[in-house]
Amino acid sequence: MRLTEIFCSLQGEARDAGAVCTFIRLTGCPLRCHYCDTAYAFSGGEWQDIDSIVAQVDALGAHHVCVTGGEPLAQPNASVLVRRLCDAGYAVSVETAGALDISGVDTRASRVVDIKTPDSGEAARNLWKNIDRLTDHDQLKFVICSRADYEWSRDRVAELTVPQGCTIWFSPSFGAVDARALGEWIIADRLPVKLQLQLHKELWGDEPGR
């Protein structure tokens, strides 16, 4: 597999925010979202086998492990890596852009599916069939870049049926939408979603490997 980086930090997003977590950032992504903050993972990286990656995770010692990218599911062996980590007893999350089929990803992992909004520039790539593949411990994420993005996302949430335990996150695009404003919109519309701030950016900005 092509690996951009592996490091231990605090999980900045989703249900495990604040927990010590090992991040496995795989190389490559077929999408080019306007707000992407990990463009350095589009290319390069080093080829490593799955045994080597798991050994590094073991050495870092965190119980939570996040497989991310780029787009991790663009690498065929990503599902094998996730299964190995689940078999080893780790609490695994997989961050995916939502444009690729998640059905092959071990359901013991929490699959965090990013629904692309119009302002991302990649909304046409959303694979809506993934909604039917969600479990009650998977998660949906909408990154909101504008009021128009919010209204589009609000309307999509009204149309979707997800398992009861599946959390839906609305996250302000860093530097594009004021978090307080997004919170006020969510309250005004009584949306069944949770506001998500990016803890890692509050602590370390856009510093890679944090």
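Candidates in the stretch 56-98 are the residues that are over 21 Å from Leu134 (Cβ atoms) and of a type in the set (S, T, N, Q); of these, the one that is surrounded by the most Cβ atoms within 10 Å (Cβ to Cβ) is Gln75. Number of residues in the stretch 14-55 that are closer than 18 Å to Arg111 by Cα, of a type in the set (Lys, Arg) and open to solvent by 50 Å² or more (accessible area, probe 1.4 Å): the value is 1.
Among the criteria (1) at pLDDT below 95; (2) within 23 Å of Leu127 (Cα to Cα); (3) open to solvent by 90 Å² or more (accessible area, probe 1.4 Å), the one Lys194 does not fulfil is (1).
Within the stretch 146-157, the set of residues being open to solvent by 10 Å² or more (accessible area, probe 1.4 Å) and touching a strand residue (DSSP E or B) at 6+ places or on another chain (Cβ under 8 Å) comprises Arg156, Val157. Meeting the requirement of 1 or more residues that are more than 14 Å from Gly12 (Cβ to Cβ) and of a type outside the set (A, V, I, L, M), the helices (runs of 4 or more DSSP H) wholly within the stretch 129-210 are 147-159, 179-189. When Arg111 is tested against (1) crowded, with 16+ Cβ neighbours inside 10 Å; (2) within 16 Å of the chain's Cα centre (by Cα); (3) in contact (Cβ under 8 Å) with a residue 40 or more places away in the chain; (4) closer than 25 Å to Val162 by Cβ, exactly one condition is not met: (3).
Of the residues making up the stretch 64-93, just one is touching a Phe, Trp or Tyr at 6+ places or on another chain (Cβ under 9 Å) and on the phi > 0 side of the Ramachandran plot, namely Gly70. The residue pairs whose first member lies in the stretch 52-72 and is closer than 30 Å to Tyr35 by Cα, whose second member is among the charged types (D, E, K, R) and at pLDDT below 95, and whose beta carbons are closer than 7 Å, counting only pairs six or more residues apart or on different chains, are His64/Asp16. Scanning the stretch 3-18 for residues that are touching a Ser or Thr at 6+ places or on another chain (Cβ under 9 Å) and assigned to a loop (DSSP other than H, G, I, E, B) gives Gln11, Glu13, Ala14, Arg15, Asp16.
Please go through the stretch 164-188 and pick out each residue that is farther than 19 Å from Cys33 by Cα and open to solvent by less than 60 Å² (accessible area, probe 1.4 Å). Once the filter is applied, which keeps residues that are farther than 19 Å from Cys33 by Cα and open to solvent by less than 60 Å² (accessible area, probe 1.4 Å), the stretch 164-188 yields Gly165, Cys166, Thr167, Ile168, Ala179, Ala181, Leu182, Gly183, Trp185, Ile186.
The values are calculated or read from the model by the stated rules, or taken from the named source; none is laboratory data. Since the structure is predicted, the reported quantities are computational estimates derived from the model, not experimental observations. With ideal geometry, Cβ positions are generated from the backbone for all residues, glycine too; neighbour counts draw on all protein chains shown. Just the protein is used for accessible areas: all its heavy atoms, side chains included, with ligands, DNA and RNA removed. Shrake-Rupley method; radii C 1.70, N 1.55, O 1.52, S 1.80 Å.
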